[in-house]
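Quick notes on the structure that follows.
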Amino acid sequence: MAVAVEITSSLEGLDWEQAKADLAADDFDNGRTPEALRRSFEHSQHVALAHDGDRIVGMARLLSDGVCNAYLVDVWTFTPYRRQGIASTLVRRLLDEVPGQHVGLQTQDAQELYRALGFIPQPEFW
């Protein structure tokens, strides 16, 4: 991982406008406003963020019932920072928060990443 990147779980002082702009520029925008993006993270049980200085260069969040099931969402690494282990670090940090829970996710193009982290495809997900 790049030395300058710091992993945190704090949402304090984040520039959600910049985060939204970076997501949109990186073709990882699902239409949320910066305010909706902020609320999504604030209402998640667990979050992990990668910072390079004041800029968010990676993020992930986990929804959990606190007992047996969790759902991993919004795993993103800014393109210039990819292939440095940032997403893997974010996901592992979140998984450490929910030991023993079944963690599900959906992905269209990151199968290799999730396989490397021990996830396996499920036959059906409804």
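Taking 0.36 nm per intervening residue step and subtracting the Cα-Cα distance, what contour gain separates residue 117 from residue 96 on full extension?
Full-extension gain reported as 6.3 nm.
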(message) Computing the accessible area with a 1.4 Å probe over protein heavy atoms, can you report the carbon and sulfur percentage for segment 47-87?
(response) 51
(request) Please give the contour-minus-distance gain from residue 36 to residue 83: 0.36 nm per residue of separation, less the Cα-Cα distance, rounded to one decimal in nm. (result) 14.1 nm
(message) With unit charges on the beta carbons (Lys and Arg positive, Asp and Glu negative) and the dipole taken about the Cα centre of the chain, which residue among 100, 43, 75 sits farthest to the positive side?
(response) 100
(message) Rolling a 1.4 angstrom probe over the protein chains, ignoring ligands and nucleic acids, what is the accessible area of residue 22 in square angstrom, nearest 10?
(response) 10
(request) With θ set to phi - 60°, apply the Karplus curve 6.51 cos²θ - 1.76 cosθ + 1.60 along segment 73-84 and write out the HN-Hα couplings as whole Hz, x wherever there is a Gly or Pro. (result) 9, 6, 7, 8, 10, 4, 3, x, 9, 6, 6, 10
(message) Taking the Cα centre as origin and putting +1 on Lys and Arg beta-carbons and -1 on Asp and Glu beta-carbons, what dipole magnitude results for the chain, to the nearest 20 debye?
(response) 260
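Which whole-number value in Å² is the accessible area per residue of segment 32-126, probe 1.4 Å?
Heavy-atom accessible area per residue stands at 59 Å².
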(request) Among 116, 34, 86, flag the residue with its Cα farthest along the positive direction of the charge dipole of the chain, charges on Cβ as +1 for Lys/Arg and -1 for Asp/Glu. (result) 116
(request) Identify which of the listed values of Cα Rg over 2.2 N^0.38 Å was calculated from the structure shown: [x] 1.02; [y] 1.11; [z] 1.46. (result) [x]
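The values are calculated or read from the model by the stated rules, or taken from the named source; none is laboratory data. Owing to the predicted nature of the structure, the values given are computational and were not obtained by experimental measurement. Note that we place each Cβ from the backbone using ideal geometry, even for glycine, and neighbour counts take in every protein chain shown. To get the accessible areas, we keep the full protein, side chains included, count just its heavy atoms, and leave off ligands, DNA and RNA. Shrake-Rupley method; radii C 1.70, N 1.55, O 1.52, S 1.80 Å.
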